Amino acid sequence: MFRKISMSQRRSNIEIVAEILRIAKKGAKKTRIVYGANLNFKMLGEYLAKLEKAGLVVRSQNNGGLIKTTEKGKEYLQQFYGLKKFGVA
């Protein structure tokens with residue numbers, strides 16, 4: 001019914017969001033997220049704007065621009081990994 005995504009196929013937006021949230025769990029700067037999630041800065045900016053609007057991440061202005069996953073973002077990750085465990089995500 002569902003097929004596993006091979007490394008040669010593109011990642012879905014859901015997978016990219018989960019990767020960003022995972023990296024930012026303990027707090028991370030943009031550069032760390034770009035390299036860790038294999039994105040470019042333009043793409044990251046677009047994702048961060050959406051994630052911040054949705055309340056999944058917060059950007060710290062006084063802490064060098066640190067990006068951190070919120071509790072809501074951590075719930076997203078739990079749901080994502082739950083679905084992935086069943087081969088859905």
> Among all residue pairs at least 6 apart or on different chains, which show Cβ distances below 6 Å where the first residue, located in region 17-41, is surrounded by 19 or more Cβ atoms within 10 Å (Cβ to Cβ) and the second is of a type in the set (Lys, Arg)?
Replying inline: Ala24/Lys68
> When region 24-67 is examined, which residues are found to be under 11 Å from the mean Cα position of the chain (by Cα) and among the aromatic types (Phe, Trp, Tyr)?
Replying inline: Tyr47
>> If Leu77 satisfies all but one of (1) over 14 Å from Gly27 (Cα atoms); (2) in contact with a strand residue (DSSP E or B) (Cβ under 8 Å, 6 or more places away or on another chain); (3) free of Cβ contacts under 8 Å to residues at least 40 places away in the same chain, what's the number of the condition it fails?
In response: (3)
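Readers should treat all values here as calculations from the given coordinates under stated rules, not as data from a laboratory. Keep in mind that what you see is a predicted model, and the values were worked out from it rather than measured. For neighbour counting, all protein chains shown are included, and Cβ atoms are generated from backbone atoms with ideal geometry for every residue, glycine included.
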